[in-house]
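The values are calculated or read from the model by the stated rules, or taken from the named source; none is laboratory data. If you're wondering where the values come from, they're calculated on a predicted model, not measured in any experiment. FYI the Cβ positions are ideal-geometry reconstructions off the backbone, even for glycines, and counts take in every protein chain you see.
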Amino acid sequence: MRTELHVPSDLKFLSIVENWLLGALEMEFGHEVDWQKQCTRLRLVLVEAYSNVVRHAHRDKPNLPVLIRLELRDRDVHLEVWDHGKGYDLGTYLPPSPDSWQEQEGGYGWLILNRLMDKVEYRLQINGYNCLTLETTLPMQEGEAAPLPTQTEAP
């Protein structure tokens with residue numbers, strides 16, 4: 001399944017973004033996923049990514065659209081968040097220090113994304129856009145048997 005959402009750069013649209021993602025996931029995966037765990041994780045990831053675009057990349061430009069693409073296959077989730085901002089140089093990123101957590105306001109978003117997803121990638125200026133790619137494979141519901149390998153798969 002592939003779907004995309006074009007949404008204004010305004011946090012008042014956050015519930016629309018969340019409902020779009022969660023609705024697509026539930027429709028595709030149904031009862032195969034532990035929703036209490038996975039919903040919270042994926043919602044946090046998308047809220048962090050979308051709010052960063054609104055607050056930083058599109059600051060004071062609520063009419064600039066954010067493009068969010070979602071591709072679901074088997075239990076794989078591939079999410080892209082596209083923006084028109086000047087971009088962020090990850091070479092300047094300093095991870096938050098446990099010793100300075102009270103003084104440091106920023107830097108936690110990138111850490112959260114990398115902890116909650118299997119793969120996080122950020123590409124600057126592709127035809128005037130920046131793209132944040134987030135990927136993960138959802139675990140099977142507890143008690144569900146793993147599928148048997150096909151003839152082309154090695155055991």
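Some notes on this structure:
- Of the residues in the stretch 65-81, none is assigned to a loop (DSSP other than H, G, I, E, B) and farther than 18 Å from Pro139 by Cβ.
- Under the condition of being without any contact (Cβ under 8 Å) to a residue 12 or more places away in the chain and in contact with a strand residue (DSSP E or B) (Cβ under 7 Å, 6 or more places away or on another chain), the residues counted in the stretch 1-13 number 1.
- Here Arg75 clears all of (1) at pLDDT below 90; (2) out of contact with any strand residue (DSSP E or B) (no Cβ under 6 Å at 6 or more places or on another chain); (3) more than 16 Å from Cys131 (Cα to Cα) except the condition numbered (2).
- Beta carbons closer than 6 Å, at least 6 apart along the sequence or on distinct chains, pair a first residue in the stretch 128-140 that is under 16 Å from Cys39 (Cβ atoms) with a second that is acidic (Asp, Glu) and not in a strand (DSSP E or B) for Thr136/Asp118.
- Only one of the numbered conditions (1) surrounded by 14 or more Cβ atoms within 10 Å (Cβ to Cβ); (2) closer than 11 Å to Leu70 by Cβ is violated by Arg2, and that is (1).
- Residue in the stretch 27-39 that is within 21 Å of Leu111 (Cα to Cα), surrounded by 14 or more Cβ atoms within 10 Å (Cβ to Cβ) and not basic (Lys, Arg) present: yes
- Residue match in the stretch 44-64 (condition: under 12 Å from the mean Cα position of the chain (by Cα), more than 17 Å from Gln125 (Cα to Cα) and β-branched (Val, Ile, Thr)): yes
- Neighbours by Cβ (under 8 Å, 6+ apart or cross-chain): first from the stretch 14-42, more than 21 Å from Ile112 (Cα to Cα) and in contact (Cβ under 8 Å) with a residue 12 or more places away in the chain; second of a type outside the set (S, T, N, Q) and assigned to a helix (DSSP H, G or I): Val33/Leu25
To keep it simple, each residue is scored yes or no on (1) surrounded by fewer than 12 Cβ atoms within 10 Å (Cβ to Cβ); (2) out of contact with any helix residue (DSSP H, G or I) (no Cβ under 7 Å at 6 or more places or on another chain); (3) at pLDDT 90 or above.
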| site | (1), (2), (3) |
| --- | --- |
| Gly85 | no, no, yes |
| Asp89 | yes, yes, no |
| Thr92 | yes, yes, no |
| Gln102 | yes, yes, no |
| Gly106 | yes, yes, no |
| Leu116 | no, no, yes |
| Asn127 | yes, yes, no |
| Thr136 | no, yes, yes |
| Thr150 | yes, yes, no |
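- Residues satisfying the stated conditions in the stretch 82-100, i.e. closer than 15 Å to Arg123 by Cα and assigned to a loop (DSSP other than H, G, I, E, B): His84, Gly85, Lys86, Gly87, Tyr88, Asp89, Tyr93
- The residues listed here are Ala49, Ala24; of these, the one that is of a type in the set (Gly, Ala, Ser), part of a helix (DSSP H, G or I) and within 17 Å of Cys131 (Cα to Cα) is Ala49.
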